[in-house]
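The values are calculated or read from the model by the stated rules, or taken from the named source; none is laboratory data. In this text, all values refer to a predicted model and were calculated from it rather than measured experimentally. Ideal geometry is used to build each Cβ from the backbone, glycine not excepted, and the neighbour counts take in all protein chains shown.
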Amino acid sequence: MAVTPVPLRVFARLKLQILRNTAMSSGRRAVAFILGIMLGVVFGLIGFVTLLSSAISSNRQTVVVLIGSAIALGWLALPVLFFGVDETLDPARFALLPLTKGRVVAGQIVAAAIGVPAAATTVALLGFVLGSFRAGVAAALVALIGAALTVFFGILGSRAVTSTFAMSLRSRKAKDLATVAIAVLAGSIGPLEAVAFSVAGPGHHDVARRLVTILGWTPAGAGFAAPYDVATGRPLIAAARLGILVASIALAAALWWVTLESAMIGTAAGPRRAAKSGDSRGAVAALLPAPLRVRSAGPLIGIAGREMRYWIRDPRRRAALFTMTTVLVVFPIFRTMYHVSGVSFPTWLITGPMGVLAGVLLINMFSFDGPAYGLHVLVGVRPRTEILGRALGFALTLLPIYAVANVVLAVVADEPRRIPAGVGAMLATTGVSLGTAAALAVPAAFPMPESRNVLAMNAGTGAERGLLSLAALAIIFAISLPALVAAHYFGWQHGWAYAVGGLVWGACWFLAGVAFAVRALKRRGPDRLLAQITLPG
Amino acid sequence: MPAFAVTGMVKQFRGFYAVAGVSLAVPVGSFFAVLGPNGAGKTTLLSMAVGLLRPDQGSAYVLGRSVWDDPIEVKRQLGVLPEANRLFDRLTGPQLLAYVGLLHGMDRDVIDQRASELLSVLGLADAGRTLVVDYSAGMKKKIGLACALLHGPRVLVLDEPFEAVDPVSGQIIRDILRRYVAGGGTVVFSSHVMELVERLCTHVAIMNAGQIQRAGSLDQVRGGRPLEDVFVEAVGGRTDVGTELSWL
């Protein structure tokens, strides 16, 4: 029987249906969807106003090309980050359907053009096109063509990338690795930018101008630079820029066409590697990291050991840990090396915030485990063991990194006598931080999605997580403040005494937080906590 | 004293009764199957009976002790095959078993020895340092069973233990469970596979719409008929396609 080609409106309906089903699947997701629309409206309007007021104004060309390039790069990169989340994106889902390759390509383009990002982009770029009328109809026409081609390039380029990496991104290890790389990259953007500008010296505008000159000859920025060429009477330059864009689109389309089939049927996968040989040390020694290999290991040591493994192996935890380490450790070291502000900070002003922020990683400690926490419920782990084991595992993972950072900072600043005060501030704030996290962990626990991609859509928990983190930070900072003030007055002269004081301060607050958490867990019951952190369905 | 008992169990989710007043007693040394179609309430019932889910009403007992009033002592006697997503799957098989053993407070040497034997018998020793998250569905089922057996419980509660398991592994699991029951242990498990239940079990309960429809020894429930016929009769619903799908 002949099969009628699937009309493109079917893909459009599929995308809309998925958007609707996702939004309506729970109240939380509905809120997340509405927030997404609101953000889309805000970004769209900001882009519209900025581009409308800046377009074809010679002193604002930098702004226009940077915004335009950011939009193009967003279209290029975001589907790669969200791969596997939007069901209309993964070509493998179409493999068993009687569709030609051309139809799948067309359908995917239609699907990509529907949604909040597409609407927000259209609104923003409309500002660019309307603003370009200032330089005449020809410039506006080039702006329209440039903007449309740029978005088209973004859509095609992202699909080409996802098709090329479809198999590797479907494998757990590649996704885990990508997650960490992306998280570290995201955490590094601010620090790297600050360092780059500090290295470049006072001429920041020159750096931006040079960047825009380069972007103007790439597919990301060419479409936004071209109208300026028309406005300044250089139509051939404008045509050359649009030519680069068209050639890039053709290249992306060709790459997509070639890789789509292997992405749909999975021929890009290599043979499965044989399992690495087992561990001859025995099961317990294989589980416990070296610092915990004690003869009398019990539930407490077991939980601490498993937590240490999980801070490295669980992609969500690993990404959070790596991001925080990048921001809190690498950046201050760079900052100290390059004297960004011209003033080098006392060590405790860096190690103190490290400890303060540590707790943020642990406030939803039970949800990291999700349904696996059920094993603890089945075994009947005692509440005190539960809380102390998690805190011990986290402290043993994080404190060595912080300790090394403290020493490196002091050495880089050529102030080794600052080390004790840095240690004191670190111990005081980390203790307060872990105690606060423990105290919040039971009453404020909420489920996290079962995603291996920390940057994937988060089922509406982003706002909840953000508010909780802010509240925790405020509490931790308030309790840590006396220790930081004491560091200022006593840190220099009585460094080691201050370090002991910091340890005592941190330990007291930590134990108070643990006592509160144990009572809370006993009152609530592990089974209810399990239900609280497990997503329905 | 039954090995495992629930009385008047009720659980509702948003007005829907998943379990609607179930009472059941499982004799010591029995091989007890809880049968039922998808959505019958088997997993909810077993989750409440082992302390994973708090019932709205009713009680659960293991060897005479209340699951909810004396949880620590009960959980020493109880081994539960968890669903795959309840495993700490970022550990290797040996590490996961070591973790379960340490949580139970077992001696380190005993953990090492039992883990090694279980992995060997269940054919998981070759998995080496592969993380459980990368195991196949059948391997996850087997490592889950190893976790349930490690501390030598007197009562085993298994949710669909043979699902996704290949025939050779299925044979090994059946052998392990038979030996366990012969040694005085009690097994309670849920299943859809009638042939398997008829071959293995001494007792059966058929559950539908949150209630027990039939319960007793296998012979009592069958009444001389194939178990499948009894099951279909108890559960009801459509069993043939009628005049539809004529185009197939």
- Note on the structure: Residue hits (segment B:196-208; touching a helix residue (DSSP H, G or I) at 6+ places or on another chain (Cβ under 6 Å), surrounded by 20 or more Cβ atoms within 10 Å (Cβ to Cβ) and not in a strand (DSSP E or B)) are B:Cys201
- Task: Could you grab me the full set of residues in segment A:375-420 that are among the basic types (Lys, Arg), away from chain B (no Cβ under 14 Å) and buried (at least 21 other Cβ atoms within 10 Å of the Cβ)?
- Result: A:Arg418
- Mind checking which residues of segment A:488-537 are aliphatic (A, V, I, L, M), without any contact (Cβ under 8 Å) to a residue 40 or more places away in the chain and within 14 Å of chain B (Cβ to nearest Cβ)? A:Ala531
- Taking segment B:68-89, which residues are more than 18 Å from A:Pro383 (Cβ to Cβ) and part of a loop (DSSP other than H, G, I, E, B)? B:Pro82, B:Glu83, B:Leu87, B:Phe88, B:Asp89
- Task: Specify the residue that is farthest from B:Val26 (Cα to Cα); the eligible residues are those in segment B:48-67 that are more than 10 Å from chain A (Cβ to nearest Cβ) and either under 15 Å from the mean Cα position of the chain (by Cα) or part of a helix (DSSP H, G or I) (or both).
- Result: B:Ala49
- Query: How many residues does segment A:296-309 hold that are within 7 Å of chain B (Cβ to nearest Cβ) and of a type in the set (D, E, K, R)?
  - Reply: 2
- Note on the structure: Among B:Arg114, B:Arg76, the single one that is over 20 Å from A:Ala304 (Cα atoms) and at pLDDT 95 or above is B:Arg114
- Residues satisfying the stated conditions in segment A:485-523, i.e. surrounded by fewer than 16 Cβ atoms within 10 Å (Cβ to Cβ) and under 23 Å from B:Pro55 (Cα atoms): A:Arg519, A:Lys522, A:Arg523
- Mind checking whether some residue in segment B:90-108 is buried (at least 17 other Cβ atoms within 10 Å of the Cβ), within 13 Å of chain A (Cβ to nearest Cβ), touching a helix residue (DSSP H, G or I) at 6+ places or on another chain (Cβ under 6 Å) and of a type in the set (D, E, K, R)? yes
- Residues of segment A:223-243 being touching a Phe, Trp or Tyr at 6+ places or on another chain (Cβ under 9 Å) and not in a helix (DSSP H, G or I), in sequence order, are A:Arg234
- Message: I'd like to verify a number: residues in segment B:47-66 that are surrounded by fewer than 24 Cβ atoms within 10 Å (Cβ to Cβ), touching a residue at least 40 places away in the same chain (Cβ under 8 Å) and not hydroxyl-bearing (Ser, Thr, Tyr), how many?
- Response: 8
- Is one or more of the residues making up segment A:361-371 over 29 Å from the mean Cα position of the chain (by Cα), part of a helix (DSSP H, G or I) and buried (at least 18 other Cβ atoms within 10 Å of the Cβ)? no
- Item | Residue match in segment B:67-84 (condition: more than 22 Å from A:Ala372 (Cβ to Cβ), crowded, with 17+ Cβ neighbours inside 10 Å and β-branched (Val, Ile, Thr)) | no
